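Reading through the structure tokens given below for one structure.
The values are calculated or read from the model by the stated rules, or taken from the named source; none is laboratory data. The shown structure was predicted, so the numbers you read here are calculated from the model rather than taken from an experiment. Cβ sites come from the backbone with ideal geometry, for glycine too, and all protein chains shown count toward neighbours. Surface accessibility is based on the protein's heavy atoms, side chains included, excluding ligands, DNA and RNA. Shrake-Rupley method; radii C 1.70, N 1.55, O 1.52, S 1.80 Å.
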Amino acid sequence: MKLENGRLKITFTNPADMTSPRFAHAGFITDVLLDDKWQFCMPEQLLPDRRNSKGCGLSGEFVLSTGELAKKGEWFFKPGVGLVKQTADFQRFNIFGTYKVKAFPVIIEHADDQSITFFQKGTVWNGYGADIRKIYRLQENQLILTVEVTNTGTENFELSEYQHNFVSLNQIPAGPGYQLMLPCDKNLNMIEQATLRQGDEHPMPSAVCVQGDTVHWKETLDNRILYHESYSVHTEAPAYWILKHENSPISIQENVNFTPSMIIVWAVEHCICAELYHTVQLTPGESTQWQRTWTFEN
């Protein structure tokens with residue numbers, strides 16, 4: 001499944017082929033090609049021995065803590081996915097866990113070369129339910145996503161949505177030359193203490209430094225990860241991030257039309273992932289929508 005105009009080619013996984021218990025089945029983007037030359041999407045992991053939830057490219061997730069209400073063997077509601085079978089009593093959803101899934105079907109309401117609309121009706125389960133519509137459209141060198149969510153259940157809920165942006169600039173490894181601008185993060189300086197040994201989360205000497213609102217890579221991330229989590233957001237600052245490299249003509253930027261509730265930066269050897277979370281509270285019957293815009297520059 002593809003969207004294509006004169007600048008961009010966007011490749012989606014068919015929702016009917018999705019089996020993930022984690023990532024939303026609609027809008028799983030595995031490839032972005034700019035001007036028939038420049039690539040951006042990467043898999044979550046390249047090495048087979050790593051913990052891996054099988055993310056790739058621009059892959060979204062909805063977070064709702066219904067798993068913590070279910071005993072082992074019971075089903076719980078996972079927005080964007082379906083019903084998921086709990087593996088331990090009242091356990092928080094494990095992003096690396098193996099779960100059985102009864103997927104909610106995804107309907108393609110509209111599709112042409114430059115736009116596609118996915119609709120997923122979530123069966124109400126134990127009072128929780130959500131209809132989700134995701135509209136993707138191309139505009140020159142931009143990909144614009146509008147998300148619409150309606151609470152169809154009988155319970156109030158607090159729902160978070162975020163995009164995993166597993167990206168690089170034409171497969172340049174994460175290392176010196178990369179710059180990540182993130183002006184809305186009040187705690188950005190703390191990322192200098194966020195380099196960890198791969199696998200055991202043991203702190204390591206910093207691979208990055210911060211200058212103003214920009215993270216600069218000092219070193220590669222061989223067998224290390226970068227994991228930074230911030231709940232402190234500049235409400236007056238524009239909500240976006242930009243990834244550049246001093247030796248590349250291309251860049252990627254994501255702008256959102258909301259104030260993020262949380263910011264995460266995650267990186268390994270081959271990719272960098274900036275995530276702007278959006279959290280909403282919805283009563284039964286209530287709807288809301290928000291927007292994300294990615295700009296791919298050359």
### Message
Within 11 Å, Cβ to Cβ, of H234, how many net charges do the neighbouring residues add up to if Lys/Arg are +1 and Asp/Glu are -1?
### Response
-2
### Query
Could you give the length gained on full extension between T123 and H234, defined as 0.36 nm per residue of separation minus the Cα-Cα distance, in nm?
36.2 nm
### Task
Give me the Kirkwood hydrodynamic radius of the range 158-197, using the inverse of the mean 1/r over all pairs of distinct Cα atoms, in Å to one decimal.
13.2 Å
### Task
May I ask you to list the chymotrypsin sites (Phe, Trp or Tyr not before Pro) in the range 65-157 that are in a DSSP loop and have at most 10 other Cβ atoms within 10 Å of their Cβ?
F96
### Query
Once the other residues with Cβ under 10 Å from the Cβ of L34 are scored (Lys, Arg +1; Asp, Glu -1), what is the net sum?
0
### Query
So if R0 is 51 Å, what FRET efficiency would Q39 and D131 give, r being the distance between their Cβ atoms, rounded to the nearest 0.05?
0.90
### Message
Only four residue types carry charge here, +1 at the Cβ of Lys and Arg and -1 at the Cβ of Asp and Glu. Report the dipole size of the chain about the Cα centre in Debye, rounded to the nearest 20.
### Response
720 debye
### Query
Taking the Cα centre of the range 143-298 as origin and charging only Cβ (+1 Lys, Arg; -1 Asp, Glu), how large is the dipole, in debye to the nearest 20?
320 debye
### Karplus-derived 3J(HN,Hα), 6.51/-1.76/1.60, for each residue of the range 238-248, Hz, glycine and proline x
x, 8, 7, 9, 9, 10, 10, 9, 5, 10, 10
### Query
Once the dipole of the chain is set up with Lys and Arg at +1 and Asp and Glu at -1 on Cβ about the Cα centre, which of M190, P205, T117 lies farthest towards its positive end?
T117
### Query
Long-range amide H contacts for Q198: which residues qualify at under 5 Å (H placed 1.01 Å from N, peptide plane, sequence gap of 5 or more or a different chain)?
R224, I225
### Query
So for the pair N5, L46, with labels modelled 7 Å out along Cα→Cβ, what separation do we get in nm?
3.2 nm
### Task
Could you please state, rounded to a whole Å, how far the C-alpha centre of the range 85-163 is from the C-alpha centre of the range 1-38?
16 Å
### Task
Just tell me which aspartates and glutamates come within less than 13 Å, Cα to Cα, of K85; anything on the same chain fewer than 8 places away is out.
E68, E74
### Message
Please list, ordered by chain and number, the residues whose modelled amide H lies under 5 Å from the amide H of S261; skip anything fewer than 5 residues away on the same chain.
### Response
Y277, H278, T279
### Summary
Taking placed amide H atoms and a strict 5 Å upper bound, the residues 5 or more places from V215 or on another chain that come that close are L180, M181, L182
### Query
Around Q198, with a cut-off of 15 angstrom between Cβ atoms, what is the net charge of the other residues, counting Lys and Arg +1 and Asp and Glu -1?
-3
### Message
Among A103, A88, I132, which residue has its Cα furthest toward the positive end of the charge dipole of the range 80-159, with +1 on Lys/Arg Cβ and -1 on Asp/Glu Cβ?
### Response
A88
### Query
For the chain, how big is Rg over Rh, using alpha carbon atoms and the Kirkwood form of Rh?
0.95
### Message
Within the range 92-160, what whole-number % of the accessible surface is contributed by carbon and sulfur, with the 1.4 Å probe and all protein chains included in the calculation?
### Response
45 percent
## Note on the structure
With all protein chains present and a 1.4 Å probe, the order of R50, R133 from largest accessible area down is R133, R50
### Task
Using only the Cα atoms of the range 49-133, build the gyration tensor, take square roots of its eigenvalues as a ≥ b ≥ c, and label the shape rounded, prolate or oblate: rounded if a/c is under 1.5, else prolate if a/b is larger than b/c, else oblate.
oblate
### Task
In nm, give the distance between the simple-model label positions of Q171 and S248, each being 7 Å from the Cα along the Cα-to-Cβ direction.
1.2 nm
## Note on the structure
Semi-axes of the range 162-263 from the Cα gyration tensor (sqrt of 5 times each eigenvalue, largest first, whole Å) come to 21, 18, 12
### Task
DSSP loop (so not H, G, I, E, B), at most 16 other Cβ within 10 Å: list which GluC sites (Glu not before Pro) in the range 197-298 pass both filters.
E201, E219, E236, E246, E286
### Summary
For the pair E68 and Q193, the simple spin-label estimate (label points 7 Å beyond Cα toward Cβ) gives in nm 2.5 nm
### Task
Choose one of P15, Y178, M262: the residue whose Cα lies farthest towards the positive end of the charge dipole of the chain (beta-carbon charges +1 Lys, Arg; -1 Asp, Glu; about the Cα centre).
P15
### Task
Pairs to check: K54/K218; K100/K244; K2/K78; K2/K218. Give those whose C-alpha atoms are more than 30 Å from each other in this structure.
K100/K244; K2/K218
### Message
Return the Rg/Rh ratio of the range 10-85 with Cα-based radii and a Kirkwood Rh.
### Response
1.06
